[in-house]
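Colleague: Below you will find the structure I want to go over with you.
Derivation of every value follows stated rules applied to the coordinates shown; laboratory data play no part. Not measured: the values here are computed from a predicted model. Note: ideal-geometry Cβ built from the backbone for every residue, glycine included; neighbour counts use all protein chains shown.
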Number of protein chains: 2
Amino acid sequence: MNIGQAAKASGVSAKMIRYYESIGLIPEAARTDAGYRSYGAREVQILRFVRRARDLGFPVPVIEELLALWGDRDRHSADVKRLALDHVESLERKIAEMQAMADTLRHLAEACCGDARPDCPILEDLGGPTAP
Amino acid sequence: MNIGQAAKASGVSAKMIRYYESIGLIPEAARTDAGYRSYGAREVQILRFVRRARDLGFPVPVIEELLALWGDRDRHSADVKRLALDHVESLERKIAEMQAMADTLRHLAEACCGDARPDCPILEDLGGPTAP
DNA sequence: TCTTGACCTTCCCATGATGGGAAGCCCTAA
DNA sequence: TTAGGGCTTCCCATCATGGGAAGGTCAAGA
């Protein structure tokens, strides 16, 4: 399997496969005589794992830990759970931040009549009624 | 006022003030004979506007539009409202994405007993029970 | 067998907003 | 006069991703 086929099979772009290899997230692929990277079912399965973890928003360093745990028969599920819940916490922190922004803005926008007149509580909140 | 004082007064770091100037978000500051940037109350007010808009998560290109509207006496508040609501929409899209990730992960983590045994529904979701 | 088009390789660059740091100049207080 | 702190510009790094160029390779059709 060439990199393009592995990309299609795993849902990870060829570009990203090379990148993940370059930063050591995945092992170096075998090469054909011509220097082409060569992939089998095993490598594609790893790529799919990475893809799924990225879809869940895990940052690459955490995926590295997840991959190590995945390959460790003596792992403690507690370690996996901790990584997952830490990530959930970080997601919810960001969600709360963004929700606060959205709430503030929606509130301001509700007070803005949104017509052809210049008066606007949104701009007044940002910096006052008129530019200095 | 030197850049450091303007930074303190506006809440925008000196680094970012120079950056905003370099990308044309704010006008070039006046200079002293020695080449130091020089700021007055007017400039600080602009910086505070930018700061507040950044705090609300507006991307720089949108802040550029907001600044232009702020300075336009003939603006239509509808234009400001549209920028704000578009941004709210983009925030809520991202929030929904992240919430879906968090929900999935929390659900998986609930099913993970989190003890010393290796069995883990989180890893099973990501790639199967054992690494290939 | 030769050509052609699709694929692969590496390398460089860009994103967005921010910080770190180096080298060198300037200003103020002691 | 000197010391320290602030200013200048310039380069680099982040994080994960894509774009693109220059050049080598492979497979199918004429």
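Colleague: With a 10 Å radius around each residue's Cβ, average the other Cβ atoms per peptide and rank A:120-128, B:39-47, highest first.
Modeller: In descending order of packing, they fall as A:120-128, B:39-47.
Colleague: If you draw the axis that swings chain B onto chain A, which residue of B has its Cβ closest to it, and how far is that in whole Å?
Modeller: Of all Cβ atoms in chain B, the one nearest the axis gives B:ILE95, 3.
Colleague: Kindly provide the helix-only [θ] at 222 nm of chain A, computed as the sum of -39,500 (n - 2.57) over DSSP H runs of four or more divided by all residues, to the nearest 500 deg cm²/dmol?
Modeller: Computed ellipticity for chain A at 222 nm equals -20500 deg cm²/dmol.
Colleague: Still on this structure: Can you compute log10 of I(q)/I(0) for chain A with the Debye formula, treating each Cα as one identical point scatterer, at q = 0.09, 0.12, 0.15 Å⁻¹?
Modeller: Evaluating at q = 0.09, 0.12, 0.15 Å⁻¹ gives log10 I(q)/I(0) of -0.50, -0.66, -0.79.
Colleague: How fast does the stretch B:23-74 diffuse by Stokes-Einstein, in µm²/s, taking the Kirkwood radius from C-alpha pairs at 20 °C and 1.002 mPa s?
Modeller: 177
Colleague: Right, another one. Considering just Cα atoms, how many Å³ per residue does the convex hull of the protein assembly as shown enclose?
Modeller: So the per-residue Cα hull volume is 186 Å³.
Colleague: What pairs from A:LYS81/B:LYS15; A:LYS15/B:LYS15; A:LYS15/B:LYS81; A:LYS15/B:LYS94; A:LYS94/B:LYS81; B:LYS8/B:LYS81 go past 28 Å between their alpha carbons?
Modeller: In this structure, A:LYS81/B:LYS15; A:LYS15/B:LYS15; A:LYS15/B:LYS81; B:LYS8/B:LYS81 exceed 28 Å between Cα atoms.
Colleague: Further question on the same structure: Calculate the length of the line joining the C-alpha centroid of the stretch B:1-72 to that of the stretch A:66-132, in whole Å.
Modeller: If you average the Cα positions of each part, the centres end up 24 Å apart.
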